[in-house]
Each structure stands twice: as structure tokens, then as C-alpha cells.
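The values are calculated or read from the model by the stated rules, or taken from the named source; none is laboratory data. Given the structure is predicted, the values throughout are model-derived calculations rather than measurements. Note that we place each Cβ from the backbone using ideal geometry, even for glycine, and neighbour counts take in every protein chain shown. These accessible areas exclude ligands, DNA and RNA; they are computed on the full protein's heavy atoms, side chains included. Shrake-Rupley method; radii C 1.70, N 1.55, O 1.52, S 1.80 Å.
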Amino acid sequence: MSRVWTLCKLFMKTSGFGESKNNSRAMALLVVLILGFGLGLPIINLMNSFYTMLEPIGQQGLLVGMVVTLNLSILFIFGIIYVMSTFYFSKDVEFLLPLPLKPEEITLGKFSTVLLYEYLTQMLTFLFPLAFFGIRSSSGVIYWIMMIILFILLPLLPLAMAAILDMVVMSFTSLGKRKELLKLFGGILAAFSGIFINIFITKSMNFMGDDMSKIVELMSMGNNSLVDKLAAAFPTAKSAVNMLLSKDILKVFTNLGIFLILTIAGMLIFMAAANLLYFKGALGGAEIASKRKNLTKSDFGRMTKKRSAFITYVGREIKNLVRTPVYLLNCVIINFMWPVFLIFPLLTGGNDNMGVTQILALIRNVSFNERMLVGIIIIGSAALLGIASMAPASSTAISREGNNAFFMKYIPLSYEMQLMAKMTAGIIVTYATFVFVFIAMIVLNFKLYFLIAFFITGNMAIILSNLIGVLVDASGPKLNWDNEAMAVKQNFRSFAASMGCAALAATIGIVLFNLNLSFTAAFIALVAVFATLIAILYLIMKKSISRWFENIN
């Protein structure tokens, strides 16, 4: 285990968590705490509203079931992407194998690295809401002990399941000559397979498919009778929820035992799968097929055609994002996962559930009053600001240059135009979510004035998100990396930019919504806030850009 711990520390240092000076580390910790509380307060406010609604009918424990089930789903989906980047797109396995290390030690070292990212995710999705629930419900010492135990152990099984799925898919990518293309295809297949499997698990509990009379009967029983129904969506969810809610010590430890058995079994299966499949899929990726082509006169003329330097730079950025597997998976494909995640449950509705046609008809018949429209445009625009930041195309724009970043000082294009080109490329690849939401609003027959207003605020939100990302990265890019995955998935500044956008989105949404504005006033306020922030950040960029680029070697 000592060598596993040494490997884990090595991976942490190469990921950027261990290479900063003490002052920088303290500043990074302070940023995380500020962002955590900035996002935690809206979560607590939402939890408080639900608790107040559910407490009179004795179903407040449903919140714990929702938090645990949602957290497991998030850990599973994000685990697929984290494992893919750390296990397969980081090209360090071939350097580690000659060392006196056992294969399982390398596997556990990488697993521990991914586990750290899952813990960072859990801080917001698990600790904040469950800590609030414990305080609001005046829970005893056992609740708090079980909460800490779950925080440590809960990610293990979903991460093991995600890793097994990745390894099964990627084990076939060692076949054939076009290994990089196959790895890319395998990564995309694993990511979308994870979404479909997660949705299937959730739908298999058939919570809303039950006869409504049964639901009403369960609600009338009180004593958190709906919790078991909700917690059936994931193998360890039910035992985890019972560990937190049960007042019986024997039942608490019985469920802890069940939880540990399932978790240990999952880890053992993961280790067996890793020994059988992991290195088969991870090795051999350096062999890439190539082809030669004689250029015709028309081909040469097309390739050397004069065009705008700005457009050429944007095209170069997009090609880099699309052609590099780890960039495509983490910066581009992730933007298409949100629409799939939202649409697929509707398209797979069974006979007992409302299908997409019935849901569309129901929403179309809803008469949206002004207060509802205000909420939709505020929350929708703020959500776009947060969601767009989760694809790190702009927040890794300089970092992706790596040791070649110095060339940015010598090409005949100003620093400002280079950053704007990188931001433009980021906007283009993060536009899928906005297009999906906007088309959905058209299908749902929103009024023309609302569509125009949302088109303006939504675009401004995406511009602001990408501007924040590119400025955060430019102020201190991660240029010292050995593989592309480190620039994208192991970049603290990218994480800070994403958390900052999420905190800003939550603040804007809560403040404006609670001002009880009219629709016109809400639209003007959103435009004013976004325009002001964009202008301030642009001025900061113009003032600081020369100093930032001087630090690039």
C-alpha cells in the first residue's frame, strides 16, 4: 500500500495539486471555500423549501433519498469521464510498467486519483445538503458519523462500476491499426452508455409508474415511507439512506454491513476486471495509422487560400479540439450529453409513464403567467452560464498549448485577438446546450417576445462563461504537462473557473428572482448584469494581457 500511496501522490503532483507553493495552495484552498459557500447557500435555501413542504406529511426523509440517489448518479456519470481521461488518455502506463510496480498498484494509484475528483464533486452535492438536513432535523451523533462514513465510501461503488464499463469498452480498442480513432470512439461510447445505463437504473424503480393511490397511501403513512421507493434506483442507495435515517442502532449497523459488502464486492470485481482488461486497452495507443495523398492543384489552391487571420485561428482551435481524443471527449462531447440526459427519459417512457407526446401536450396547454416567465428566463439564463463552464474548452485554452505556448508571442496576431479567437472557439463548441434549450422552447410554443429575450440573455450568458474561463486560464496557465489529459482534467484553474461560474449563476438567479421583477424589468436586469460583467472582464483582460503573456516561457 505504501507504493500505491506514493503513486497517488505522484499523480496528484502531476495533476497540479502538489506543484504550487504554500501561498498558492492557501489561495487555492481559500478559492475553493469561497466558491463552496457561494454554491452551498443556494443549495441550502432549496433544501429548506423542500423540508418545509415535506415535514407536515412526515416525508422529509425523502430529501435524503433524493440527495443520495442524485449523488450516486452524478458520481457514476462523472466517473466514466474521469476514468477515461486518467486511465486511458494519460500516456504514462508504458513508463510505469518497467518500474518495480505491480499492475494492481498502478491501477489503484490511478483509481485513487480519480477518487479525489469525486470527493471534490461530493463536497457540493453531498456534504452541504446532508449537513443542512442534519441541523434542521436535529439529528443525533450517529447521523453525523454515518454521513462522514458515507462521504468517504459512497463514491467507491459508482466509480468502480464506471471503471468497469470503461474497461469493457476500451478493451476492444487495442485491435486494428487506428488505435487513436478506436479509443476516441470507445470513450464516446462509454460516456453515452453510462448515461443510458444510469437512466435505465433510475427508471427501473418505476417510482412514478405506480398507481397513484399507492403513492398517496405511502405518503399518508408518514415516517418517511416514500424513501425506500426512491432509494431503489442504485445498489447501495437504500442501505445508505437507511444508515442516515434509522433511529435503531441495530438497523443502522445492519445497513452499514450491507453497504460495505456491496462496496467491497464492487471493488473486488473492479480489480479482477482491471487485471484482465485494463492494460490490454491502455497499451499500444502510440501506433497510429497514416495515409499519404498527392495534392492536386485545386487542393493546394484551397489549402493556401487567403483568409482572415482571426477566422484561421478559430479554425485551428476547433480542429485541435476535435482531432485530439481527450479534448473532444471532455470539451466537446460533454456538451451533447446534457440534451441526451434530458431527452432520453422522455423517449423511453413505458406504458405506465407519460410519453414525450403527452408531456409536450401538457406543457403546451400550460398558461404561463408573467411570474413563471420571469422565473424561466432568469433561471434558464443563469443555468446556461453555469452549464457552459463545465465544458473546459475556454478555461484550458492556453494550457492546451503546453510547452509550445511561446509561439503565441511571435505570430502576427495580437494577444487580445488570440484570446478572443480561443474564446470564440469555446463559444462554438459549448453552443449545443443553448441550441437544445432554445429549440425546446420553440417546440413548446413560447411567445415570440420571450424567445427573442431569451436568445439575447442566453447568448450573453455563454459569452460571459467563456470569457471567465479564458481569462482565468490566461492569468496562470498549466503549461507543464506530459499528456493532454493533464491539461484538461487535472487543471485546478479550470475547476476554479467552473465553480466560479456556477456560484455567479446561482447568485444572479437567486437575487434577481427574489426581487419580484416584471418580465421587462427582469430582461433589462439580466442584460445589464451580463453586459456589465463582460465589460469589466474585457477591461481587465486589456490591462493585464501583456503581463500574463510575459510570464509564458
Problem set entry | Residues of the stretch 140-175 satisfying the condition of being at pLDDT below 85, open to solvent by 20 Å² or more (accessible area, probe 1.4 Å), part of a helix (DSSP H, G or I) and of a type in the set (A, V, I, L, M, F, W, C) | Leu165, Val168, Val169, Phe172
For this session: Within the stretch 379-389, work out how many residues are surrounded by fewer than 18 Cβ atoms within 10 Å (Cβ to Cβ) and closer than 21 Å to Lys489 by Cα.
Result: 0
For this session: Note down all Cβ pairs under 9 Å where the first residue falls in the stretch 490-515 and is farther than 13 Å from Ser465 by Cβ and among the hydroxyl-bearing types (Ser, Thr, Tyr), the second is modelled with pLDDT under 85 and part of a helix (DSSP H, G or I), and they're at least six residues apart or on different chains.
Result: Thr507/Gly38; Thr507/Leu41; Thr507/Pro42
Seminar exercise, completed: Among the residues of the stretch 489-516, the number that are open to solvent by less than 30 Å² (accessible area, probe 1.4 Å) and part of a loop (DSSP other than H, G, I, E, B) is 2
Seminar exercise, completed: Filtering the stretch 55-73 for residues that are part of a helix (DSSP H, G or I) and open to solvent by less than 20 Å² (accessible area, probe 1.4 Å) leaves a count of 9
For this session: Could you tell me whether the stretch 475-488 includes any residue that is free of Cβ contacts under 8 Å to residues at least 24 places away in the same chain, β-branched (Val, Ile, Thr) and over 17 Å from Ala383 (Cβ atoms)?
Result: no
Problem set entry | Residue count, the stretch 396-423 (criterion: open to solvent by 10 Å² or more (accessible area, probe 1.4 Å) and under 18 Å from the mean Cα position of the chain (by Cα)) | 0
Exercise. Within the stretch 517-552, which residues are among the small types (Gly, Ala, Ser) and either open to solvent by less than 20 Å² (accessible area, probe 1.4 Å) or under 28 Å from Glu370 (Cβ atoms) (or both)?
Worked result: Ser518, Ala521, Ala522, Ala525, Ala528, Ala531, Ser544
Exercise. Which of the residues that make up the stretch 428-459 are modelled with pLDDT of 90 or more, open to solvent by less than 30 Å² (accessible area, probe 1.4 Å) and either within 17 Å of Ala505 (Cα to Cα) or touching a strand residue (DSSP E or B) at 6+ places or on another chain (Cβ under 6 Å) (or both)?
Worked result: Phe454, Thr457, Gly458
Exercise. In the stretch 468-488, which residue that is β-branched (Val, Ile, Thr) and open to solvent by less than 20 Å² (accessible area, probe 1.4 Å) is nearest to Gly386 (Cα to Cα)?
Worked result: Val470
Exercise. Ile269 passes all but one of (1) among the aliphatic types (A, V, I, L, M); (2) at pLDDT below 90; (3) open to solvent by 80 Å² or more (accessible area, probe 1.4 Å); which number fails?
Worked result: (2)
Exercise. Scanning for something assigned to a helix (DSSP H, G or I), at pLDDT below 75 and farther than 26 Å from Leu328 by Cβ, does the stretch 83-102 turn up at least one residue?
Worked result: no
Problem set entry | Single residue of the stretch 294-345 satisfying the filter (of a type in the set (Phe, Trp, Tyr) and modelled with pLDDT of 85 or more) that is farthest from the chain's Cα centre (by Cα) | Phe310
